[in-house]
Structures are given as C-alpha cells and as structure tokens.
1. Treat the count of other C-beta atoms within 10 Å as a stand-in for reagent exposure and order MET227, MET78 from fewest to most.
2. What angle, in degrees between 0 and 90 and rounded to the nearest 10, separates the Cα long axis of helix 235-244 from the longest principal axis of the Cα atoms of the chain?
3. Going by C-beta contacts inside 10 Å, put MET54, MET31 in order with the fewest on the left.
4. Averaging over all projection directions, find the projected area of the Cα convex hull of region 109-163 and quote it in nm² with one decimal place.
5. Over region 72-136, what lengths in whole Å, largest first, do the semi-axes of the equivalent ellipsoid take, defined as the square roots of 5 times the eigenvalues of the alpha-carbon gyration tensor?
6. Largest first and in whole Å, what are the equivalent-ellipsoid semi-axes of region 178-241 based on the Cα gyration tensor, each being the root of 5 times an eigenvalue?
7. If the reach is capped at under 27 angstrom between alpha carbons, list the lysines near LYS190, excluding any in the same chain fewer than eight residues apart.
8. With viscosity set to 0.890 mPa s and temperature to 25 °C, compute the Stokes-Einstein D of region 109-204, Rh being the Kirkwood radius across alpha carbon pairs; µm²/s, no decimals.
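Computed from the coordinates by the stated procedures, all read-outs in this text should not be read as laboratory data. What you see is a predicted model, and the numbers here were worked out from it, not measured in a lab. As a convention, Cβ positions derive from the backbone with ideal geometry for all residues, glycine included, and neighbour counts pool all protein chains shown.
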Amino acid sequence: MKTLFPKLLFAISLVASMPLLAQDNPLRVGMSGSYFPFTFVEQDELKGFEVDVMNALGKEMGRDIQYETANFSGLFGMLQSGRIDTVANQITITEERKKAYVFSDPYVYDGAQVVTKKGNTDVQSVEDLKGKTVAVNLGSNFEDLLQQLPYADQITIKTYESNLERDTALGRVDAFVMDRVSASQIIKEKPLPLELAGPTFSQIRNAYPFHDNEAGRALRDEVNEAMATLHENGTLRSISEKWFGTDITQP
C-alpha cells in the first residue's frame, strides 16, 4: 500500500492537470466568420469546414482552440502583431506570402472560378472578363490572380469585404471570382440567380500560415504531424464529405 498510494496520487494529479495544460497552451486561430461554408456564424455559433478541421487538429494536438474573428483583410495584421498564431480562412500559398510566413502542408486543393449572374452570355470564361468589372474579396489571392492575366489592364477589379455575390446577382458587377468549392456552395445554398462561368483558371493550395521564426516553425511542424494523422485515419476526408459531398483535402 505504501508504494501504490504515491503512484495513485501521481496518476490522479496527472489526469486532473491535462485539461489545464490544454487551456494554458491554446492555439489562437483567426478567421472571418463570413466565408460560407468554410467559416460562418449561425445563431451566434461559429461553424464551417474550417472550424471542424481546426477542432479536430486541436483534439489531436491536445490543445484548446481559441478563435478570433475579424474582417478577412485584417487577419494577417492580427497574425503579424502576434494576436493570433495562425489563420484558418482558406489562405492560398503564394510566393509573396512565403516571403513573410511559413506554411503548413496544404489541406485544401481547389481552383479559381468565375461566377456570373445566371443567363449572362457575355461572360462564359475567364477570357471574357476583358472590359468587365469583376468583384473579389478584399485581401484575397484572387485579385493577384486576375492581375497576372495578360489582359489584366482591361479588367476593372472591385474589392469587397462581403456581399460580392449579391452585387453580381443584381448586375452591379459583371462577375466575381473566388474558389470553386465556395462558389459552388453559394450557388447551391443561397437563393441567388448565379452560375459558374467556365472551368477553373488557376489551381490553388490552401494552408495555415505561421510566423517565420523558431516558435512558428515548431508550431507548423506540430500542426503538420496532427494533420498527417487526420489524413491517415480518414477524419479530414469525413469532414470534407460532410460539407461538400466530396474530398477536397487531397490533390
């Protein structure tokens, strides 16, 4: 009894401290809460594919997830200032962003998609955007993708914090560009007369950005290890199929 009692106390102490350790070492995650179906608010609850994936990662890592919401255009400022540890809002890996941050392994594979008002015969592909006004989300990678087109100087780009799909449906802009998965879900879920215009015109890989320092790289590696486990056990595939009916987590 004398040898078992201290061991029993130690075991009880260790179990009791586990939730406290998770609470003392949370992963602070920024997202907009306004990019359906990846991150959105419904009845005051933050929901979406991004939330489910991050919660699964937190469980695998033994960390609480602490969410911070802000306009998409302000998320990188929050990351830069140290208010958050990473951003979970379909952040595309670009050469420019790689100069400032280190990225996790990709967890979403997608493509840039043109969307128009239903019945718009003037825009049926990305080539038809010449001479048109095109909406993109402020701070997103899609403005850069449009600027890289050989006829970019013939496109008027309008940036939005939100409601770009509404203005496209009302004819206030000729089209908007976002990732194909989100565009398809908006058309499916929202009562707006919209349609996809042609195939995707750029392949994109989305991942989590971290500070390019020792702590940021260590956190990136921790997330990658947990993500590999979630790939192997089918959790990521299951979450993707729940939201999209297909697996967007594999190339």
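1. Lowest to highest Cβ neighbour count: MET78, MET227.
2. 30
3. MET54, MET31
4. Value for region 109-163: 4.3 nm².
5. For region 72-136, the ellipsoid semi-axes come out as 32, 14, 11 Å.
6. Output for region 178-241: semi-axes of 32, 17, 10 Å.
7. Cross-link targets: LYS47, LYS117, LYS118, LYS132, LYS158, LYS242.
8. 190
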